[in-house]
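Participant: Just dropping this structure here.
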Amino acid sequence: MRDSGLMASDWNFLEFAFHEFEWDHEKERKNRTKHGVGFLEATQIFNQEILARQDFDESEDRYFAIGITATRTLAIVFTERLFTSDIFWVGYS
């Protein structure tokens with residue numbers, strides 16, 4: 001059974017210093033249609049500390065994070081690579 005992620009001890013305030021972001025453009029289009037937010041807007045949350053927890057996938061470490069843009073609060077799933085971050089999903093609250 002997968003961890004629900006609701007344990008307070010799993011969440012930390014983090015800062016990430018990415019050089020650039022990457023994503024699948026078709027996935028971004030579908031995400032924008034379904035959730036009303038694009039991945040480019042999601043990159044704005046990395047301008048300050050974000051609340052994040054690590055989510056372990058079979059093939060790579062992923063993060064689930066909550067952060068603030070200029071206009072709203074977003075939730076995002078991404079992975080950290082050497083010089084980039086790969087965004088997989090974003091939604092808003």
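Participant: For residues that are farther than 16 Å from residue 84 by Cβ, open to solvent by less than 40 Å² (accessible area, probe 1.4 Å) and of a type outside the set (Lys, Arg), tally how many sit in segment 46-64. Break it down into steps so the answer makes sense when it comes.
Facilitator: Step one: of segment 46-64, the residues farther than 16 Å from residue 84 by Cβ are 47-59, 64.
Narrowing the set further to residues that are open to solvent by less than 40 Å² (accessible area, probe 1.4 Å) leaves 50, 52-53, 55.
After this cut, where a residue has to be of a type outside the set (Lys, Arg) as well, the list is 50, 52, 55.
Looking only at that region, the number is 3.
Participant: Got at least one residue in segment 58-68 being of a type outside the set (Phe, Trp, Tyr), out of contact with any helix residue (DSSP H, G or I) (no Cβ under 9 Å at 6 or more places or on another chain) and at pLDDT 90 or above?
Facilitator: Going through segment 58-68, the residues of a type outside the set (Phe, Trp, Tyr) turn out to be 58-62, 65-68.
Imposing the further condition that a residue be out of contact with any helix residue (DSSP H, G or I) (no Cβ under 9 Å at 6 or more places or on another chain) reduces the set to 58-62.
From what's left, at pLDDT 90 or above: none.
No, segment 58-68 contains no residue that is of a type outside the set (Phe, Trp, Tyr), out of contact with any helix residue (DSSP H, G or I) (no Cβ under 9 Å at 6 or more places or on another chain) and at pLDDT 90 or above.
Participant: Out of the residues in segment 65-84 that are open to solvent by 60 Å² or more (accessible area, probe 1.4 Å) and among the hydrophobic types (A, V, I, L, M, F, W, C), which is nearest to the chain's Cα centre (by Cα)?
Facilitator: That would be 66.
Participant: Going by the conditions given, is residue 93 open to solvent by 70 Å² or more (accessible area, probe 1.4 Å) and at pLDDT below 90?
Facilitator: Details: open to solvent by 70 Å² or more (accessible area, probe 1.4 Å): yes; at pLDDT below 90: yes.
It is true that residue 93 is open to solvent by 70 Å² or more (accessible area, probe 1.4 Å) and at pLDDT below 90.
Participant: Can you tell me which residue within segment 12-45, out of those that are open to solvent by less than 50 Å² (accessible area, probe 1.4 Å) and assigned to a loop (DSSP other than H, G, I, E, B), is farthest from residue 92 (Cα to Cα)?
Facilitator: Taking the candidates together, the pick is 18.
Participant: Taking interchain pairs and intrachain pairs at least six residues apart, which have beta carbon atoms under 9 angstrom, with the first residue in segment 1-22 and at negative phi and the second basic (Lys, Arg) and modelled with pLDDT of 55 or more?
Facilitator: Pairs that qualify, where the first residue is at negative phi and the partner is basic (Lys, Arg) and modelled with pLDDT of 55 or more, are 7/53; 10/53; 11/53; 12/53; 18/81; 22/81.
The values are calculated or read from the model by the stated rules, or taken from the named source; none is laboratory data. For clarity, every value in this text was computed on a predicted model and none was experimentally measured. Note that we place each Cβ from the backbone using ideal geometry, even for glycine, and neighbour counts take in every protein chain shown. Just the protein is used for accessible areas: all its heavy atoms, side chains included, with ligands, DNA and RNA removed. Shrake-Rupley method; radii C 1.70, N 1.55, O 1.52, S 1.80 Å.
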